[in-house]
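Worksheet: the structure to be examined is printed underneath.
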Amino acid sequence: METNFKGTKGEWTYHIGETIGVSTKEPVLIIADVELDKDIPKEEQIENAKLIAAAPDLLKALKSCVMSMRVHPDNEPNSEFEGFVDQGIEAINKALGKNSNQLKSK
């Protein structure tokens with residue numbers, strides 16, 4: 001089961017200037033650079049950039065949570081855990097561009 005992120009490695013951060021963007025810290029590699037959109041409030045665009053910059057960390061944390069929940073003794077068919085595991089797997093698949101059937105719970 002391949003669940004490794006193949007995107008740009010390194011710590012991501014956001015920046016605000018004439019554009020709002022996301023880049024790595026060291027070395028600086030531009031991941032996304034977006035012109036300000038007059039139809040979307042600047043504050044909202046900044047919050048979007050923060051979420052994008054946090055994406056690799058969120059993916060890593062979610063993968064850890066799903067792995068832990070999969071082996072939890074309360075993770076049985078039709079349990080609350082099973083639903084959370086399935087939701088996590090769907091989000092991981094979405095982030096990695098995979099078919100929802102490629103990673104399955106138990």
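The values are calculated or read from the model by the stated rules, or taken from the named source; none is laboratory data. Treat the numbers as computed from the prediction; the structure is a model and nothing was measured. Note that each Cβ is placed from the backbone with ideal geometry, even for glycine, and that neighbours are counted across all protein chains shown.
The table below lists the values:
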| item | result |
| --- | --- |
| Count of the range 48-83 residues which are of a type in the set (Asp, Glu) and either farther than 20 Å from Lys94 by Cβ or touching a Cys at 6+ places or on another chain (Cβ under 7 Å) (or both) | 3 |
| From the options Leu29, Leu59, residue that is surrounded by 12 or more Cβ atoms within 10 Å (Cβ to Cβ) and either among the β-branched types (Val, Ile, Thr) or under 12 Å from the mean Cα position of the chain (by Cα) (or both) | Leu59 |
| Residue list for the range 58-106, filter: modelled with pLDDT of 80 or more, part of a loop (DSSP other than H, G, I, E, B) and hydrophobic (A, V, I, L, M, F, W, C) | Val71 |
| Matching residues in the range 28-45 - criterion: being assigned to a loop (DSSP other than H, G, I, E, B) and touching a residue at least 12 places away in the same chain (Cβ under 8 Å) | Leu29, Leu36 |
| Criterion: polar (S, T, N, Q), under 16 Å from the mean Cα position of the chain (by Cα), assigned to a helix (DSSP H, G or I) and within 26 Å of Lys98 (Cβ to Cβ) - qualifying residue of Asn4, Asn48 | Asn48 |
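To keep it simple, each residue is scored yes or no on (1) in contact (Cβ under 8 Å) with a residue 24 or more places away in the chain; (2) surrounded by 12 or more Cβ atoms within 10 Å (Cβ to Cβ); (3) touching a His at 6+ places or on another chain (Cβ under 6 Å).
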| position | (1), (2), (3) |
| --- | --- |
| Phe5 | yes, yes, no |
| Ile16 | yes, yes, no |
| Pro73 | no, no, no |
| Glu76 | no, no, no |
| Gln87 | no, yes, no |
| Ala91 | yes, yes, no |
